[in-house]
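S.K.: Once you've had a glance at the structure underneath, I'll fire off some questions.
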Amino acid sequence: MTSKERVLRALRHQPVDHTPVFMWFHPETTRQLAKTLEIPPQFLGDVLGNDVHQTWVGNNYAMEGITHEHDGQTHRDDWGIEWVRIGGFNQILTSPLEHATAEVMRRYEFPLRRVNTLVGAMEQVMEGAREYLIGCDVSPCLFEMICRLRGMEQAMIDIAEQPDLADDLLEKATGFACALSEEACRRYKPDWLWTGDDVAGQQALMISPSVWRSLVRPRLTRIVQVGKQHNIPVAYHCCGALRPIIPDLIAMGIDVLNPIQSKCPGMDPIELKREFGTSLTFMGGVDTMDLLPNGTPGEVLRETISLIEEMTRDGGGYILAASHTVPPETPQENIFALYSAAGITKEQILDRAASVRRAVNG
């Protein structure tokens, strides 16, 4: 069974040879693991057994796709956002509309002229289209996007006090996300469209469900419909406690929900599976706050096996992933135990690493 077949069967809630995997790592975790396995970092996902090849074509490319060698280095993206590397990650240094007047905000335009170039990032992942499930990530789409442009505090003030300005910016964000999605689906035919916005904190939604339903849901529905019109599943990423809007996501046509931060209120993955498992495929749920960094390999193996068993009682509908990027303080034996729970042994990983070394070294 190829990786593509494995993930597609899981999406259809059908049995697979082993649980599909799509794991994300902190940059330092990637560096450490690649050093241990003696491979170039770009091969790590395949060596470990990830089943998805995905890239960013929206603003997350500016955050995660552009890498700097040293902390303190900066770049400015096509949206006018300035980023700085801190602790291995790119973080926002300045937001272009944080102090903008209403007139300047209304004149602001998303970089539509750059859509073709941005979508071109798909070229590299398409090389694995025969073997792997290919994902196109257009996130952040709406709420998180305007927070990046306006600064979170000012974006929240806009929603409360200047809803017409927030509405205008959200409408522009929608048009841009739809343009990216349409171009990517038309040109590359990915296997799923990945959308998302972090609209939730660790305890609750950052905006009320009613405000989300008024401002965000109708626009997110338009983006989802691009994927549906191209007959592909649509995934949605949101960290935190988003339980109140999960029924909305299902009604809109979302097929995959990620990352299931199990420590947040209402986000116990097994409870979510019981309530929504016939309508959604869940991806995530392995705790990165305590279990992975602090547990023993035996604990990681047992708890992950139990999670997989509960999340696949209908035969599928689950993709193994962590609830966030795997932090660098995670013992490497815990990472191997995590993959072992999905049926990917350390010996298989070491064999694949050896094959990569032979190929790289000629």
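The values are calculated or read from the model by the stated rules, or taken from the named source; none is laboratory data. What you see is a predicted model; the values in this text were computed from it and never measured. Here the Cβ positions follow ideal geometry from the backbone for every residue, glycine too, while neighbour counts run over all protein chains shown.
S.K.: Which one of 74, 55, 19 is touching an Asp or Glu at 6+ places or on another chain (Cβ under 8 Å) and closer than 25 Å to residue 287 by Cα?
M.R.: That would be 55, the only listed residue that is touching an Asp or Glu at 6+ places or on another chain (Cβ under 8 Å) and closer than 25 Å to residue 287 by Cα.
S.K.: Evaluate the following for residue 38: is it over 24 Å from residue 127 (Cα atoms) and acidic (Asp, Glu)?
M.R.: Numbers: over 24 Å from residue 127 (Cα atoms): no; acidic (Asp, Glu): yes.
Answer is no for this residue.
S.K.: So is residue 99 in the same structural domain as residue 181 (by TED's automatic domain parsing), more than 29 Å from residue 322 (Cα to Cα) and exposed (fewer than 13 other Cβ atoms within 10 Å of the Cβ) or not?
M.R.: Numbers: in the same structural domain as residue 181 (by TED's automatic domain parsing): yes; more than 29 Å from residue 322 (Cα to Cα): yes; exposed (fewer than 13 other Cβ atoms within 10 Å of the Cβ): yes.
Yes; evaluated as a whole, the condition is true for this residue.
S.K.: Which condition does residue 325 not pass, out of (1) surrounded by 16 or more Cβ atoms within 10 Å (Cβ to Cβ); (2) modelled with pLDDT of 95 or more; (3) of a type in the set (Ser, Thr, Tyr), if it passes all the others?
M.R.: Among (1) surrounded by 16 or more Cβ atoms within 10 Å (Cβ to Cβ); (2) modelled with pLDDT of 95 or more; (3) of a type in the set (Ser, Thr, Tyr), the lone unmet condition for residue 325 is (2).
S.K.: Do we have residue 334 as within 17 Å of residue 48 (Cα to Cα) and assigned by TED's automatic domain parsing to the domain that holds residue 288 here?
M.R.: Yes; evaluated as a whole, the condition is true for this residue.
S.K.: Which residue pairs have Cβ atoms closer than 7 Å, lie 6 or more positions apart in sequence or on different chains, and pair a first residue in the range 84-106 that is hydroxyl-bearing (Ser, Thr, Tyr) with a second residue that is in a loop (DSSP other than H, G, I, E, B)?
M.R.: 95/81; 95/151
S.K.: Moving on to the next point. Return the residue satisfying two criteria in turn: it lies in the range 328-362 and is assigned to a helix (DSSP H, G or I) and charged (D, E, K, R), and of such residues it is surrounded by the most Cβ atoms within 10 Å (Cβ to Cβ).
M.R.: Per the criteria, the residue is 352.
S.K.: Filter the range 306-318 down to residues that are free of Cβ contacts under 8 Å to residues at least 60 places away in the same chain and crowded, with 16+ Cβ neighbours inside 10 Å and give me whichever is farthest from residue 12 (Cα to Cα).
M.R.: 307
S.K.: Kindly indicate which of 54, 91 is surrounded by 17 or more Cβ atoms within 10 Å (Cβ to Cβ) and part of a strand (DSSP E or B).
M.R.: Criteria check complete, one pass: 54.
S.K.: Can I ask one more? Residues of the range 255-279 being of a type in the set (Lys, Arg) and farther than 23 Å from residue 140 by Cβ, which ones?
M.R.: Residues satisfying the conditions are 273, 274.
S.K.: In the range 155-171, is there at least one residue being closer than 30 Å to residue 21 by Cβ and in contact (Cβ under 8 Å) with a residue 12 or more places away in the chain?
M.R.: no
S.K.: In this structure, does residue 302 turn out to be among the charged types (D, E, K, R), over 20 Å from residue 233 (Cβ atoms) and modelled with pLDDT under 95?
M.R.: no
S.K.: Sticking with this structure for a sec: May I ask you to list the residues in the range 160-219 that are in a helix (DSSP H, G or I), closer than 18 Å to residue 148 by Cβ and acidic (Asp, Glu)?
M.R.: Scanning the range 160-219 gives 167, 168, 171.
S.K.: Within the range 137-185, can you find the residues that are within 20 Å of residue 54 (Cα to Cα) and hydroxyl-bearing (Ser, Thr, Tyr)?
M.R.: Within the range 137-185, 139, 181 qualify.
S.K.: For residues in the range 57-67 being polar (S, T, N, Q) and at pLDDT 95 or above, which is surrounded by the most Cβ atoms within 10 Å (Cβ to Cβ)?
M.R.: Per the criteria, the residue is 59.
S.K.: Sticking with this structure for a sec: Considering the range 68-85 alone, what residues qualify as being exposed (fewer than 13 other Cβ atoms within 10 Å of the Cβ) and either modelled with pLDDT under 95 or not assigned by TED's automatic domain parsing to the domain that holds residue 194 (or both)?
M.R.: Within the range 68-85, 69, 70, 71 meet the criteria.
S.K.: Within the group 250, 254, which residue is outside the structural domain of residue 325 (by TED's automatic domain parsing) and either crowded, with 23+ Cβ neighbours inside 10 Å or assigned to a loop (DSSP other than H, G, I, E, B) (or both)?
M.R.: Values: 250 fails: either crowded, with 23+ Cβ neighbours inside 10 Å or assigned to a loop (DSSP other than H, G, I, E, B) (or both).
Result: 254 is the single residue among 250, 254 that is outside the structural domain of residue 325 (by TED's automatic domain parsing) and either crowded, with 23+ Cβ neighbours inside 10 Å or assigned to a loop (DSSP other than H, G, I, E, B) (or both).
S.K.: Turning to a different aspect of this structure: Taking the range 1-41 as the search range and keeping residues that are part of a helix (DSSP H, G or I) and charged (D, E, K, R), which one is nearest to residue 356 (Cα to Cα)?
M.R.: Looking at the filtered set, the residue picked out is 35.
S.K.: Continuing with this model, one more query. Checking the condition of a type in the set (A, V, I, L, M), within 27 Å of residue 118 (Cβ to Cβ) and in contact with a helix residue (DSSP H, G or I) (Cβ under 7 Å, 6 or more places away or on another chain), which residue from 254, 207 passes?
M.R.: Numbers: 207 fails: within 27 Å of residue 118 (Cβ to Cβ).
That would be 254, the only listed residue that is of a type in the set (A, V, I, L, M), within 27 Å of residue 118 (Cβ to Cβ) and in contact with a helix residue (DSSP H, G or I) (Cβ under 7 Å, 6 or more places away or on another chain).
To keep it simple, each residue is scored yes or no on (1) in contact with a strand residue (DSSP E or B) (Cβ under 6 Å, 6 or more places away or on another chain); (2) farther than 29 Å from residue 129 by Cβ.
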| site | (1), (2) |
| --- | --- |
| 189 | no, no |
| 192 | yes, no |
| 222 | no, no |
| 236 | yes, no |
| 248 | no, yes |
| 251 | no, yes |
| 258 | yes, no |
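S.K.: Residues to consider are 260, 270, 232, 245; find the one that is buried (at least 18 other Cβ atoms within 10 Å of the Cβ) and in a helix (DSSP H, G or I). Walk me through how you get there before you give the answer.
M.R.: Values: 260 fails: in a helix (DSSP H, G or I); 270 fails: buried (at least 18 other Cβ atoms within 10 Å of the Cβ); 232 fails: in a helix (DSSP H, G or I).
None of the other options fit; the residue is 245.
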